[in-house]
């Protein structure tokens, strides 16, 4: 296989995943889950707070607890750098990444 074959196979795989991810994102979240629609960042660009579709403003720790409890849609919690971190679901859609959301 040439490098071009590797790249075309990967691109096909990636495009398939992006289409499926957009379909899943377009589906409404579980009615018990709220969607994050905006974030607040500090001067270093770190996300320090979240705003939900209902207008609630959550500090990082509250959002972390709610994400762990499954109350927030389309986010994951993972452990890195010795602490838990909230991140967007790895769905291949850049537009819904937390760092790309509007700020408040």
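We did not get these values from a lab; they are worked out from the coordinates using the rules stated. This structure is a prediction, so every number in the text was calculated from the model and none was measured. When we count neighbours, we look across all protein chains shown, and the Cβ atoms used for this are built from the backbone with ideal geometry, even at glycine.
The table that follows gives values for the structure above.
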| read-out | value |
| --- | --- |
| Gained length - residue 102 relative to residue 46, 0.36 nm times residue gap less alpha-carbon distance | 18.8 nm |
| For segment 88-104 versus segment 34-68, the gap between their alpha-carbon centres in whole angstrom | 12 |
| Pair residue 11, residue 94: separation of 7 Å Cα→Cβ label points (nm) | 1.6 |
